[in-house]
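The values are calculated or read from the model by the stated rules, or taken from the named source; none is laboratory data. The structure presented is a predicted model; accordingly, all values stated were derived computationally and were not measured. Positions of Cβ are backbone-derived with ideal geometry, glycine not excepted, and every protein chain shown enters the neighbour counts.
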Amino acid sequence: MRQETKCIQAGYEPKNGESRMIPIVQSTTFKYDSSADMGKLFDLEASGYFYTRLQNPTNDYVAAKLTALEGGTAGMMTSSGQAANFFAVFNLATAGDHVVASSALYGGTFNLFNVTMRKMGIDFTFVTPECSEEELNAAFKDNTKLVFGETISNPSLEVFDFEKFSKAAHAHEVPLIVDNTFATPVNCRPFEWGADIVTHSTTKYLDGHDATVGGCIIDSGKFDWMAHQDKFPGLTTPDESYHGIVYAERFGKEGAYITKATAQLMRDLGSIPSPMNCYMLNLGIESLALRMKQHVSNAQKVAEFLEKNEKVAWVNYPGLPGNKYYDRAKKYMPNGTCGVIAFGVKGGRAAAEKFMGELKIAMIATHVADAHTCVLHPASSTHRQLTDEELEAAGVGADLIRLSVGIEDVNDIIEDIENALKVI
Ligand SMILES: *Cc1c(COP(=O)(O)O)cnc(C)c1O
């Protein structure tokens, strides 16, 4: 099946007379005929459901669809993108370990790594994504367990150099984890470019309708844990909390990573999405391919309009031929990148605030990447505690406006922006 078809068909195949839509199994618990039957589940000897904090059928249908879309072997849903990135890293790195990460990351992820996970004893080295191969290789330590990056960074819109990062990760015998939120599996499949594990905030384009917060982790099944036995003891040595099971032996490289994340992290930390939320997410994914086409085509037209407007100081969109990432984006994302644009208006902070106040269709929101066009001026909202100098250092200038182009008629979006620009 092609991506467009998988969005609709993958993950759930109803049998004769069963519901066409995925059933919403809104149940915390599952009934068994004998204690022995249930015991097999607890020992991970049989697959099945016993408690929704660990697994639920509705969630698993959606995980299977996303696994098919990414071209992986196993996947799990989480209650948010934050939970997905935390689990994805913590499943491999614990106290005393080290992670190499691109510095072009979503602010929430950067904070998770740099503050909260540091408190847990995990060390991080952040590298600028355009660093040389030598600089990248120099960031690795003996205790490095993985490399982390974003396909298209939020909000700086830097396009990840998959081949440079995957080459370095594999040369140091560790996997590459990529947050593919902004591109979605419709526009980019990181596994085709060397990534080993993919995460998503499904809150963005996958849901697509401002309706549900969620996340997921997908494993490519390509990383051979047993070949690097000493580096990943959590996967290659007995888990005493599960009767001495060795995940990589029992579930192979296709299933070990996700089984461990479910059996240990979901069990102990419990960040499972509700089945109802996964049902709604699945509805969003059904139209994902169609929506991404419209996001990309609308954003391209809006970016071209902004570039020509005399009130606009600069425009950052990887689809513009003059953009630093134009060629790389064309290579990894030939059908387009995403609907998010960053731009600056002449006149800095004051002009940006004035412009924002005039918009009628584009809503002011801290959200991005869904059907509704929305805008954010970080300097006066999410980053308002920073001085202009600190903003520059963070790569978020005082004039920066993040515009997430929706799927409305593009002429309405452009007219709205044009009218608002007139007041500057
Ligand atoms: C929003 C976002 C997250 C966090 O996801 P939540 O669902 O808000 O927890 C992680 N990574 C990226 C790239 C995001 O845009």
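Quick notes
- Among the numbered conditions (1) within 14 Å of residue 299 (Cα to Cα); (2) in contact with a strand residue (DSSP E or B) (Cβ under 8 Å, 6 or more places away or on another chain); (3) modelled with pLDDT of 95 or more, the only one that residue 413 does not meet is (2).
- Here residue 296 meets each of (1) more than 19 Å from residue 26 (Cα to Cα); (2) β-branched (Val, Ile, Thr); (3) assigned by TED's automatic domain parsing to the domain that holds residue 63 with one exception, condition (3).
- Residues being charged (D, E, K, R) and closer than 23 Å to residue 225 by Cβ - total across the stretch 130-145: 3
- Number of positions in the stretch 217-230 that are in a loop (DSSP other than H, G, I, E, B), at negative phi and not charged (D, E, K, R): 3
- Just so you know, in the stretch 199-216 the residues that are among the hydroxyl-bearing types (Ser, Thr, Tyr) and outside any loop (DSSP other than H, G, I, E, B) include one that is nearest to the ligand (Cβ to nearest atom), and it is 201.
- Check on residue 209, more than 18 Å from residue 78 (Cβ to Cβ), touching a residue at least 40 places away in the same chain (Cβ under 8 Å), under 18 Å from the mean Cα position of the chain (by Cα) and surrounded by fewer than 18 Cβ atoms within 10 Å (Cβ to Cβ): yes
- Of everything listed in (1) of a type in the set (A, V, I, L, M, F, W, C); (2) assigned to a helix (DSSP H, G or I); (3) surrounded by fewer than 21 Cβ atoms within 10 Å (Cβ to Cβ), the single unmet condition for residue 313 is (2).
- Taking every residue in the stretch 136-150 that is of a type in the set (Ser, Thr, Tyr) and pairing it with any residue that is within 16 Å of the ligand (Cβ to nearest atom), at least 6 positions away or on another chain, the pairs with Cβ-Cβ distances below 7 Å are 144/99.
- Residue 156 being at pLDDT below 95 and among the small types (Gly, Ala, Ser): yes
- 2 or more residues within 16 Å of the ligand (Cβ to nearest atom), crowded, with 18+ Cβ neighbours inside 10 Å and not β-branched (Val, Ile, Thr): qualifying helices (runs of 4 or more DSSP H) within the stretch 24-94: 57-70, 81-90
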